[in-house]
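What follows is calculated from the coordinates using simple rules that are stated; it is not laboratory data. Just so it is clear, the model here is predicted, and its values are computed rather than measured. Cβ placement follows ideal geometry from the backbone for every residue including glycine, while neighbour counts extend to all protein chains displayed.
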Amino acid sequence: MRSVLLAMVLTLAACAQQPPKDDSLYRELGEQSGITRIVEGMLLNIAADPRIVRHFENIDIERLRDKLAEQICVEAGGPCTYTGDSMEESHKGQNLTPSDFNALVENLQEAMSAQNVPMPAQNRLLARLAPMRAQVIDR
Amino acid sequence: MTYLPRCIVLLLGLLANLACADGRLLATGGASSIEGAAGGGITPWAVLSGYGERGEWGADVFATRVETGDYRLDVAGVGVAFDNRIELSYARQRFDLGNLARGLNLPENSLSQDIFGLKVRLFGDLIYDQLPQVSLGIQHKRQKDFLIPSLVGAQRSEDTEGYLTASRLILGGAFGYNLLLNGGIRYSRANELGLLGFGGDRRDRHSVLKEGSVAVLFNPRWALGVEYREKPDNLSFAGESDWADLFLGYFPNKNLAVVLAYARLGEIATLDHQDGVYLSVQGSF
């Protein structure tokens, strides 16, 4: 009886452990180097985008690049840890609009296409980022 | 008769001077439906004309032709939206009776109507919020050539109908590709959109009619989908079929959309098997 209980407890404990992480999106984005290229491409697109470039003036672009790459890596299931501020905190006082958010999405889409990221992988990443809009706009 | 086209020209001049923004993503303004509201081809969607987001204006003009062999429908119109909240639209439809007019020696060879539309986004968002985008619309229709409709039993030449529609873009929803879902109900007694008047000898009450569409976006510029629209059956002289189509939409940029479709329109005014080609070109501002 006791051994049966023990076996059940062990089974439950095994179930409670994290399943192996799905890193297929991370790999489709080209892993660390691919994600860095996507982020750099997006920032270059933003630099040329009169709709939103003003929101990126007077900030440490290299730090932004690193934090964005970390964040995308985490969202894509990659082996990273996000060390930046919360979405609410990092957009505070900017009063970003839905249009600003969409402009950034377009710059990201262009950067992913330039890196030949397949459309389903692009959509998977956008689906991970879309719920963050509420934490980004109107702050 | 000529003041409405002049009105459109004036409106276009006005629009050209307005700074219409492009705050929404490509293709999220939809195309222009044959009744003028932003949507697919034969059904309106919950999205609003043009690409304006919060605090921005959006607008479109369009021309559409449906050719079934026996008949031809020409539509031209304009839609204006503000704040991604409210849309006003106008469409003029001209239905060429072609073979039917020649075969029956009808007194007129075409039927026309004006459609004035208002659509309001009630809540939700096409892509981002928890809830899908839901819009409520009304359309006031004025049939311009009422002699033939009155002879076949139509009760009135003018009527107002309403619709409630929901739209959602599911990112990656179709095997990794974006999936657009639309569903709506309409409260109408229009015969063949209103081209054959409103209400009939068989039934003179509004019906609750279902409509919907599903589309897959292969990338932000190309969409392939199907549409369905239930229609009432108010006139005893001929049956009225539900409509369906298969469409391919191309959105090369935020100023142009082209939709090519194969439409199955069934029986129209006694002539059956009205299948044909649908082509629509839309300019957005």
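By the count of other C-beta atoms within 10 Å, a proxy for reagent exposure, B:E267, A:E62 are ordered fewest to most as A:E62, B:E267.
So between B:T270 and B:L147, what do we pick up on full extension, going 0.36 nm a residue minus the alpha carbon distance?
That pair, B:T270 and B:L147, stretches by 42.6 nm at full extension.
Farthest towards the positive end of the charge dipole of the range A:22-136, among the residues A:Q71, A:G41, A:L104, is the Cα of A:L104, using unit charges on the Cβ of Lys, Arg, Asp and Glu.
The number of Lys pairs in chain B with C-alpha atoms less than 27 Å apart, excluding pairs fewer than 8 positions apart on the same chain, is 10. Overall dimensions of the range B:63-221, expressed as equivalent-ellipsoid semi-axes from the Cα gyration tensor (√(5λ), whole Å, largest first), are 34, 19, 14. Against the main long axis of the alpha-carbon atoms of chain B, helix B:3-17 sits at an angle near 10°. Averaging over all projection directions, the Cα-based convex hull of the protein assembly as shown occupies 26.8 nm² in the image plane. Dividing the helix sum by the residues of chain A, where each DSSP H run of 4 or more adds -39500 (n - 2.57), gives a mean residue ellipticity at 222 nm of -19000 deg cm²/dmol. Taken over the range B:153-234, the percentage of Cα pairs per 10 Å bin, counting from 0 up to the bin with the maximum distance, is 18, 36, 22, 17, 7, 0.
Considering only Cα atoms, the convex hull volume of the range A:22-136 works out to 96 Å³ per residue.
Can you check what the net charge comes to around A:L64, using other residues whose Cβ is under 13 Å from the Cβ of A:L64 (Lys, Arg +1; Asp, Glu -1)? List each step's numbers first, then the result.
On the way: positive: A:R63, A:R65, A:K67; negative: A:E40, A:E57, A:D60, A:E62, A:D66, A:E70, A:D85.
In short, -4.
Taking the Cβ of B:L111 as the center, what net charge do the other residues with Cβ under 9 Å away carry, scoring Lys and Arg +1 and Asp and Glu -1? Walk me through the numbers on the way to the answer.
Details: positive: B:R94, B:K144; negative: B:D96, B:E108, B:D145, B:E192.
Charge balance in the 9 Å sphere: -2.
Footprinting exposure proxy ranking of A:S99, B:S112, B:S284, fewest other C-beta atoms within 10 angstrom first, gives B:S112, A:S99, B:S284.
Taken along the Cα-to-beta-carbon direction at a fixed 7 Å, the label points for A:I61 and B:D83 span 3.8 nm.
What's the local net charge at B:L193, with K and R +1, D and E -1, over the other residues with C-beta under 9 Å away? Spell out each step's value before the answer.
Working: positive: B:K141, B:K231; negative: B:E35, B:E192.
Neighbourhood net charge equals 0.
Look at B:K141, B:K119 and count the other Cβ atoms within 10 Å of each Cβ; fewest to most, that gives B:K141, B:K119.
When all alpha carbon pairs of chain B are counted in 5 Å bins from zero, the resulting P(r) reads 1, 6, 13, 18, 20, 17, 12, 8, 4, 2, 0, 0 %.
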